[in-house]
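Notes follow the structure.
Please treat every number below as a calculation from the coordinates, not as lab data. Not measured: the values here are computed from a predicted model. Here the Cβ positions follow ideal geometry from the backbone for every residue, glycine too, while neighbour counts run over all protein chains shown.
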Amino acid sequence: MRSITRAAVEAMDARDPLAGCRDRFTLPPGVIYLDGNSLGALPARTPERVARVVEDWGRDLIGGWNRHDWIGWPRRVGDRIARLVGAQPGEVIVADSTSVSLFKLLAAAVDLNRGRRVILSEADNFPTDLHVAQGLSRLLGNAIELRTVEAAAVSAALGGDVAVLMLTHVNYRTGAMHDMRGLTAAAHAAGALALWDLSHSAGAMPLALNEARVDLAVGGGYKFLNGGPGAPAYLFVAERWLAQIQPALAGWMGHARPFDFGAAYEPAPGIERFLVGTPPVLSLAALDAGVETFDQIDLRQVRAKSIALGELFRRLVEQECGAFGLHLVSPPDPERCGSQVCYAHADGYAIVQALIARGVIGDFRAPDVLRFGFAPLYTRHVDVFDAVVALREVLATRAYDHPRFRVRAQVT
Ligand SMILES: *Cc1c(COP(=O)(O)O)cnc(C)c1O
């Protein structure tokens, strides 16, 4: 096989229909950012959008809630996200964190499917998803049990006692992607509800929640949606459940008429019932600008570029770094992988730190995984090429052996 040259990779950028989208972001010079799957880059419009809300607050004070419809933002931004995940307006609302959203929907799911006592999930799911299920189980006096199995065994584990199948679509550590449509159908055939965590898929590929008949879903705002550090999350409830689903985490913002100040809880008629407290307006402004980076974008093109970037990265790593003991942990088939490529190496943490010192930002996931994410709106093919050149250099020179690269920071 002929080796891939930088000139060939530049030609890929010249042909890239999404190349212009990079201008929608403000990226620091001299940095190759391969971590947009963990914290999306800064959209060019975000500073002005947040500044405008701050000004509105200063001038209009409490009047801003009505004058600028701040109170309606969780729904408005939710409607925008709906297009990205294959949902209808009115099925998605923005609030709280992914963890809290999971709690809300898991609690509602076991309530909807009473009489069944199992939350089925995958042993290698993101820890918070499992912690939330464990906490809920404890709260319910262990009347509900979390059962985890290996990814390949999920279908077979869908017994008659499963209330809800809770899975993350794209695995955070390997990029392995589940068959959302097939597993949702299998859950339904077993009488279970299907709850999907879209944290590593929304914004990186087209999703079709309604076509796949998904019941419930959650996802974060700060990864591929570019909403900023700690951006609020969103949750989805299929329209067919909205009339009967009951929030356990009931709060006044989810009340049918919050400003009647009635003592008795009465859920809002639609998706708004999953609001709990006052919306974080500054964060919503930033998330809105983040979601806007997808305006007029065809997510099929996003997925095509994501696969192209990932394949290029794999081939270049094979070509340049084959001798250095990196072990691919992502699925070999890019079609079954999200927008990241991951390798295991015993010195993974130090290697990632040495790369960051060279301006190539990926991240590390314990125990030994180097993770490289590709946000198709702003990652170029040449970024992938240059990142692999830096990786080869770090590996060949053992630059990662320096003690300063072995000091573990709190966030990895
Ligand atoms: C990033 C991520 C989360 C994060 O949850 P927060 O509550 O926003 O901290 C949860 N689940 C998955 C699968 C994730 O990838």
- Using the 2.2 N^0.38 Å rule of thumb for compact globular proteins, work out how the range 48-292 stacks up: its C-alpha Rg over that value, please. 1.01
- How long is the range 174-243 along each principal axis, judged by its Cα atoms, biggest number first, in Å? 39, 33, 17
- Message: For a distance above 42 Å, tell me the whole-number percent of Cα pairs in the chain that qualify.
- Response: 16
- With Val388 itself left out, Lys, Arg at +1 and Asp, Glu at -1 over residues whose Cβ is under 11 Å from its Cβ give -1
- Net charge, Glu318 excluded, C-beta distance under 14 Å - Lys, Arg +1, Asp, Glu -1: +2
- Note on the structure: If each K or R counts +1 and each D or E counts -1, the residues other than Val77 whose Cβ falls under 11 Å of its Cβ total 0
